[in-house]
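Here's the structure, in structure tokens; my notes come after.
The values are calculated or read from the model by the stated rules, or taken from the named source; none is laboratory data. This structure is a prediction, so every number in the text was calculated from the model and none was measured. Glycine also receives a Cβ, built like all others from the backbone with ideal geometry; neighbour counts cover every protein chain displayed. To get the accessible areas, we keep the full protein, side chains included, count just its heavy atoms, and leave off ligands, DNA and RNA. Shrake-Rupley method; radii C 1.70, N 1.55, O 1.52, S 1.80 Å.
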Amino acid sequence: MRKLRKEKKHKEDRFMSLNKKSVDDFNAKGRRVLVRCDFNVPLKDGKITDETRINAALPTINKLIADGAKVILCSHLGKVKEGPNEKESLAPVAARLSEKLGKEVKFIADYNVTGEDATNAVAAMNDGDVILLQNTRFRGKEETKPQEAGEKFAEELAALADDYVCDAFGSAHRAHASVAVVTKYISAKGGTNAVGYLMQKEIAFLGNAVENPVRPFVAILGGAKVADKLNVINNLLEKCDTLIIGGGMAFTFLKAQGYEIGKSLVDDEKIDYCKEMIAKAEKLNKKLLLPIDTTIAAGFPDPIDGPIEVSVVDANAIPADMEGLDIGPKTAELYAEAVKSAKTVVWNGPMGVFENPTLAKGTIAVAKALAETDATTIIGGGDSAAAVNQLGFADKMSHISTGGGASLEFLEGKELPGVYAADDK
Ligand code: 3PG
Ligand code: MG
């Protein structure tokens, strides 16, 4: 019920703000349409363990099938650090996607991605057919800035198609051959570069929250990647009413306040930055909430979900030989209270080591508070999405982003290459 209500509430404004051509803005009938998806899904023993990104790609693929396009899908998978290998092949994705679409998805297993196999398969396609190319990173130069090999790859990808659709929100922050550079070659031959429904939905939710939030707007940031996350604070402080900090990054703030933080995670180079942000919050008259207590242990759990002995201390009283690993119960209550009064909430990053049941309490408390509010609740991808899924709150949120790094860069106010490469309306 709650979910339905939320979806209804957002119906009118969901597709606002993106002045880019979409799959609704061109006639795909009989056209060869290259679609960049983010099928970078977690795999264990060749089995997909989280299908969120595949499910999220279906609306655009189904629309193009219904339009009678020849649908050529591509994606990266993993980092491909040691060159092409079967473990990072997209074969399992093709099989699962085929089941979900209820039709054949022909997989082009060739490590060359755009080679003869792909060219022949495309030439043999009928309208409404779907093929999936091999992992784009098997061509190597996806990873780096456009350079000769990357350019060549982009040109070859474009040669397979008439039009291009970017629906890979999770990869939209990468200026890669298959995400952005390919558009140049599609344009050169008069084709259309559009965004898909997933891109539209992500930008509508994240964009509305940041640029046009129903207030009060509460932003919650956590996670261990201190340096990565700190940059988003500057932007969100200006946009939100209350900024809540938890997770590993909170300790750098506590240290900036002059507290002893023991062995807790810290980014010493960012202490001055934290001081600036504390001052900025005061100047802008924004609430900046930091932990008032913390759950501590003698060290990081090993294995990560193994048993661990913990205690709770006030945030200004962490013993020198102890490490803070979760927000404490008083902090959890404080944060939940702040969420209760919000109309818009954006959350990126867990409050503690949520993979461990003993250290998941802070993250659960925040997830619960979000699940119980009628506010628009938006979860950044990556760890926060994993936490919400793992804890069973996924269907209680208004929107869970499929992009970790991408949603973070978006919240930092950066332009995403995968978005701006598409044609303007
Ligand atoms: C992700 O999962 O972060 C996206 O698929 C992008 O992958 P990348 O971080 O390896 O570029
Ligand atoms: Mg990433």
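Below are the figures for this structure:
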read-out	value
Taking the convex hull of Cα positions in the chain, its mean projected area over all directions (nm²)	20.6
In order through the stretch 118-125: 3J(HN,Hα) via Karplus (6.51 cos²θ - 1.76 cosθ + 1.60), integer Hz, x for Gly, Pro	5, 4, 5, 4, 5, 4, 8, 6
Rg in Å to one decimal, and Dmax rounded to a whole Å, for the stretch 307-412 via C-alpha atoms	14.3, 42
³J(HN,Hα) computed for each position of the stretch 148-153 - Karplus, 6.51 cos²θ - 1.76 cosθ + 1.60, integer Hz, glycine/proline x	3, 5, x, 4, 4, 4
Protein accessible area in the chain, 1.4 Å probe - carbon and sulfur %	49
Phi to ³J(HN,Hα) by Karplus 6.51 cos²θ - 1.76 cosθ + 1.60 over the stretch 288-305, Hz, x for Gly, Pro	10, 9, 10, x, 9, 8, 8, 8, 10, 8, 6, x, 5, x, 9, x, 4, 9
Mean shadow area of the stretch 245-355, taken as a quarter of the surface of its Cα convex hull (nm²)	7.4
Reachable aspartates and glutamates, given that their alpha-carbon falls under 19 Å from the alpha-carbon of Lys361 and they are not under 8 places away in the same chain	Asp293, Asp302, Asp305, Glu309, Asp314, Glu323, Asp326, Glu333, Glu337, Glu372, Asp383
Per-residue [θ]222 nm for the chain (sum of -39500 (n - 2.57) over DSSP H runs n ≥ 4, rounded to 500)	-11000 deg cm²/dmol
Built amide H within the under 5 Å cut-off of Ala315, gap 5+	Asp293, Thr294
Partners for Lys270 among lysines (Cα-Cα distance below 19 Å; same-chain residues under 8 apart left out)	Lys225, Lys229, Lys255, Lys280
Order by protection proxy (mean Cβ within 10 Å, highest first), peptides 400-408, 123-131, 111-119	400-408, 111-119, 123-131
Built amide H within the under 5 Å cut-off of Ile48, gap 5+	none
Above-threshold pairs, the threshold being 21 Å between Cα atoms, out of Lys63/Lys103; Lys47/Lys100; Lys201/Lys287; Lys201/Lys425	Lys201/Lys287
Percent of alpha-carbon pairs separated by more than 12 Å within the stretch 243-283	55
Accessible area of the stretch 12-95 divided out per residue, in Å², using a probe of 1.4 angstrom	47
Check: the stretch 126-282 dipole with +1 on Lys, Arg Cβ and -1 on Asp, Glu Cβ, in debye	320
Förster radius 30 Å - calculated FRET efficiency between Val313 and Lys280, Cβ distance, rounded to 0.05	0.60
Neighbourhood charge, 9 Å Cβ-Cβ cut-off, centred on Lys330 and excluding it, Lys, Arg +1 and Asp, Glu -1	-3
Interchain or long-range residues, amide H under 5 Å from Asp267's placed H	Thr252
25 °C / 0.890 mPa s Stokes-Einstein diffusion coefficient of the stretch 91-132, Kirkwood radius on C-alpha pairs, µm²/s	229
Compactness of the stretch 136-291 as Cα Rg over 2.2 N^0.38 Å, two decimals	1.38
The stretch 88-202 - Rg and Dmax from Cα coordinates, angstrom	13.9, 39
Folded to 0 to 90 degrees: helix 226-239 orientation relative to the chain principal axis, Cα	90
